[in-house]
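Okay, so here's the structure we're looking at.
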Amino acid sequence: MRVYVPLTLSGLAEAYKTGELGADPVVAYAVTPALREWYLSDDIEELEYAALGRSALASLRLLAADPGAPRRRVVVAVDVSEGAATTDPDRGLDPAALGEVRVAGPVPLARAAAVHVDLSDAEPDVTAAVEALEAADRGDDDAQFVVDGAEDHELLWYATQEIPNLLGSTD
């Protein structure tokens, strides 16, 4: 099963150093029954792209909590065994939790299939989105428009062997 783990570049650097993604349990996003129902598609590629998008939004939230992190969204695609990712039944109806799963840790970085990261040209829009998150969560439509603006930037795909270059680059 493929899960998408939201990180920041600082979090990716830590994962690269330790060889593990996050604490136990690792919060990730995947194609869940609730996500399937919300997205209304049977196309697995579209559903996985939706899960990636949910994880990118969670990466924005991590950036909001880490003012020193470079303003670029990071998502690590990881393959875990079936049943390793579980949903929280108490959050099943929460729209903010669509696709959210918990993976019993530790999750080795070596299981990553790819890394998705914004280019540096996305930083102004990602910064604005981070600053607008709180107002968007309160229902401010203008702030939500700003948050959605970060999605105009495609996360680029990188092989896991490129992580050292990602961490050392500014592009």
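Where residues in the stretch 22-47 are more than 29 Å from Ala110 (Cα to Cα) and without any contact (Cβ under 8 Å) to a residue 40 or more places away in the chain, which of them is surrounded by the most Cβ atoms within 10 Å (Cβ to Cβ)? Before the answer, list the steps.
If we filter the stretch 22-47 for residues that are more than 29 Å from Ala110 (Cα to Cα), which is where we start, we get 37-42.
Filter once more, keeping what is without any contact (Cβ under 8 Å) to a residue 40 or more places away in the chain: 37, 39-42.
Details: Glu37: 9, Tyr39: 19, Leu40: 8, Ser41: 14, Asp42: 8.
Applying the filter and picking the extreme gives Tyr39.
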Going by the conditions given, is Ala15 over 13 Å from the mean Cα position of the chain (by Cα) and in a strand (DSSP E or B)?
no
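Name the residues in the stretch 154-171 that are without any contact (Cβ under 8 Å) to a residue 12 or more places away in the chain and closer than 18 Å to Pro6 by Cβ, would you? If you could, list the steps in order and put the result at the bottom.
Let us first name the residues in the stretch 154-171 that are without any contact (Cβ under 8 Å) to a residue 12 or more places away in the chain, namely 154, 161, 165, 168-169.
Selection gives Glu154 alone.
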Of all residues in the stretch 116-160, which are farther than 26 Å from Asp88 by Cβ and either in contact with a strand residue (DSSP E or B) (Cβ under 8 Å, 6 or more places away or on another chain) or of a type in the set (Val, Ile, Thr) (or both)?
Val117, Asp118, Leu119, Val126, Thr127, Val146, Leu156, Trp157, Tyr158, Ala159, Thr160
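Checking the conditions here, which among Ala96, Ala114 is of a type outside the set (D, E, K, R) and loosely packed, with under 12 Cβ neighbours inside 10 Å? If you could, list the steps in order and put the result at the bottom.
Working: Ala114 fails: loosely packed, with under 12 Cβ neighbours inside 10 Å.
Criteria check complete, one pass: Ala96.
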For the stretch 6-42, which residues satisfy the criterion of being modelled with pLDDT under 90 and of a type in the set (A, V, I, L, M)?
Ala23, Ala34, Leu35, Leu40
Regarding Leu98, is this residue closer than 20 Å to Tyr16 by Cα and among the hydrophobic types (A, V, I, L, M, F, W, C)?
no
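Quick check on the stretch 59-80. Is at least one of its residues without any contact (Cβ under 8 Å) to a residue 60 or more places away in the chain, under 19 Å from Thr32 (Cβ atoms) and either part of a helix (DSSP H, G or I) or more than 18 Å from the chain's Cα centre (by Cα) (or both)? Let's see the steps before the verdict.
The first filter runs over the stretch 59-80 and keeps only residues without any contact (Cβ under 8 Å) to a residue 60 or more places away in the chain, leaving 59, 62, 65-68, 71.
This time we only want the ones that are under 19 Å from Thr32 (Cβ atoms), so: 59.
Filter once more, keeping what is either part of a helix (DSSP H, G or I) or more than 18 Å from the chain's Cα centre (by Cα) (or both): 59.
Taking every residue of the stretch 59-80 in turn, at least one turns out to be without any contact (Cβ under 8 Å) to a residue 60 or more places away in the chain, under 19 Å from Thr32 (Cβ atoms) and either part of a helix (DSSP H, G or I) or more than 18 Å from the chain's Cα centre (by Cα) (or both).
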Among the residues of the stretch 93-139, how many are more than 26 Å from Gly68 (Cβ to Cβ), over 16 Å from the mean Cα position of the chain (by Cα) and in a loop (DSSP other than H, G, I, E, B)?
4
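Being within 16 Å of Pro6 (Cβ to Cβ) and either surrounded by 13 or more Cβ atoms within 10 Å (Cβ to Cβ) or modelled with pLDDT under 95 (or both) narrows it down to one residue among Glu82, Glu131, Glu151; which is it? Reasoning before the result, please.
Values: Glu82 fails: within 16 Å of Pro6 (Cβ to Cβ); Glu131 fails: within 16 Å of Pro6 (Cβ to Cβ).
When all the criteria are applied, what remains is Glu151.
The values are calculated or read from the model by the stated rules, or taken from the named source; none is laboratory data. Just so it is clear, the structure is predicted and the values come from calculations on it, not from any experiment. Don't worry about glycine lacking a Cβ; one is built from the backbone with ideal geometry, like all the others, and counts go over all protein chains shown.
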